[in-house]
1. Using Cα centres only, tell me the gap between the stretch 270-345 and the stretch 205-249 in whole Å.
2. For the chain, which semi-axes, largest first and in whole Å, follow from the square roots of 5 times the eigenvalues of its Cα gyration tensor?
3. Could you name the aspartates and glutamates whose alpha carbon sits less than 16 Å from that of K156, not counting residues in the same chain fewer than 8 places away?
4. Under a plain spin-label model, where a point goes 7 Å from the Cα along Cα-to-Cβ, how far apart in nm are F180 and F128?
5. Taking 8 Å as the Cα distance limit and 6 or more residues as the minimum spacing, I'd like the relative contact order of the chain as a percentage.
6. Quick one: helix 168-180 against the long Cα principal axis of the chain, what's the angle to the nearest 10°, folded into 0 to 90?
7. If you take the square roots of the eigenvalues of the alpha-carbon gyration tensor of the stretch 139-288 and sort them as a ≥ b ≥ c, do you get rounded (a/c under 1.5), prolate (a/b over b/c) or oblate?
8. Where does helix 236-245 land angle-wise versus the long Cα axis of the chain, in degrees 0 to 90, nearest 10?
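The values are calculated or read from the model by the stated rules, or taken from the named source; none is laboratory data. The structure presented is a predicted model; accordingly, all values stated were derived computationally and were not measured. We place every Cβ from the backbone using ideal geometry, glycine too, and count neighbours over all the protein chains shown. Heads up: the accessible areas ignore ligands, DNA and RNA and are worked out on the full protein's heavy atoms, side chains in. Shrake-Rupley method; radii C 1.70, N 1.55, O 1.52, S 1.80 Å.
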Amino acid sequence: MEVINRYITIKNHVDGAPHDSDFDLTSSPVSLSLDPASGEVIVKNLYVSIDPYQLNRMKSHSSSQKSSEFAVAITPGEDIDAYGVGKVVASGNPKFDKGDIVAGLLKWGEFTAVKPGGMLNKLDPMGFPLSYHVGILGFSGLTAYAGLFEICKPKKGEKVFVSAALGSVGNLVGQFAKAFGCYVVGSAGSKAKVALLKEKLGFDDAFNYREETDLKSTLTRYFPDGIDVYFDNVGGQMQEAAVSNMNINGRIAVCGVISEYTDCENRAAPSMIDVIYKRIKIQGFLAGDYLNIFGDFLSTTCDHLRTGTIQPLEDISDGVESIPSALINIFRGQNIGKKIVKIAEE
Ligand SMILES: NC(=O)c1ccc[n+]([C@@H]2O[C@H](COP(=O)([O-])OP(=O)(O)OC[C@H]3O[C@@H](n4cnc5c(N)ncnc54)[C@H](OP(=O)(O)O)[C@@H]3O)[C@@H](O)[C@H]2O)c1
């Protein structure tokens, strides 16, 4: 038996902001008759993750493409892997049965043929919606948790600043930090986002960076006693402004530099004199390096969800054809919380 699989490809490398014309919706047949010894699994994709790093994979050149197996270059015309949750519809692998719900590296398409050794695990939803396992209980959540607790190591009462604070990772960083007992301020790109941060997510304060002309003095206004922890999602001028407002022994987790992804001329040039004399620790990290704390992260986050201490924030579009616009809109600040595309009903 065969099914027709519709999937997204890029037509060409994408070196600036992505546009609809950069993408194609392609289709090809997938056989559901697997040799029982093949080790292969066919997954019907249910939810796939939309993440800014995919743009760096689409560029003709990016140093990121050589640094991690998850960040390798995407070739025009080929299918695109992405984290997601799905259901096994055919299995030639004794570890999986038809009907299993799984999470792992799927494709931006309707079906994924997972080769032996591919990143795929059975998923216990633990009573939560499957989409949570793509975002808050998946890699976005792990990124926020690992960056905040393993790299920034906050102390109760410390002052935490997070940029792109209503995004997938940022909103969780703020919520984790608040739940831990820190003072948290976030930046985001609209008045409506600022209101959500303060009124729905319990941030102590928030500001719209697009309305500010001098980010250094903005941060001094919001942090008159300085910043202890900066969780950097954007890079660029915000990073420079944060460094100049850091306290002695401050910590900065460089999670992402999204303002630099669409504009390679835009590079943060923070004051190294500040870094030295204030003994600031700046560390980049990749969530994939913290799978060893996934169990701890999952149980803590599930507890927070069950007690209502942390709220899930999801932004879900429907259908494989909506994947390009979902990615494009991330770079226009049009997502609120974790951007996910729902591909099919369970
Ligand atoms: N290190 C890791 O392992 C890891 C894992 C996941 C994500 N990341 C990184 O973490 C960051 C956040 O990722 P995410 O998945 O949570 O995305 P996201 O925050 O949900 O979406 C991106 C947000 O960034 C903001 N943005 C877009 N262009 C911008 C610009 N030029 N300047 C300032 N802000 C801009 C927009 O919000 P506004 O309305 O606020 O502008 C947008 O909604 C990204 O840099 C990503 O690459 C790293």
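1. Rounded to whole Å, the Cα centres lie 20 Å apart.
2. Here the semi-axes work out to 36, 22, 17 Å.
3. List returned: D204, D225, D228.
4. Roughly 1.8 nm, to one decimal.
5. 18 percent
6. 60 degrees
7. It comes out rounded by the Cα gyration axes.
8. 40 degrees
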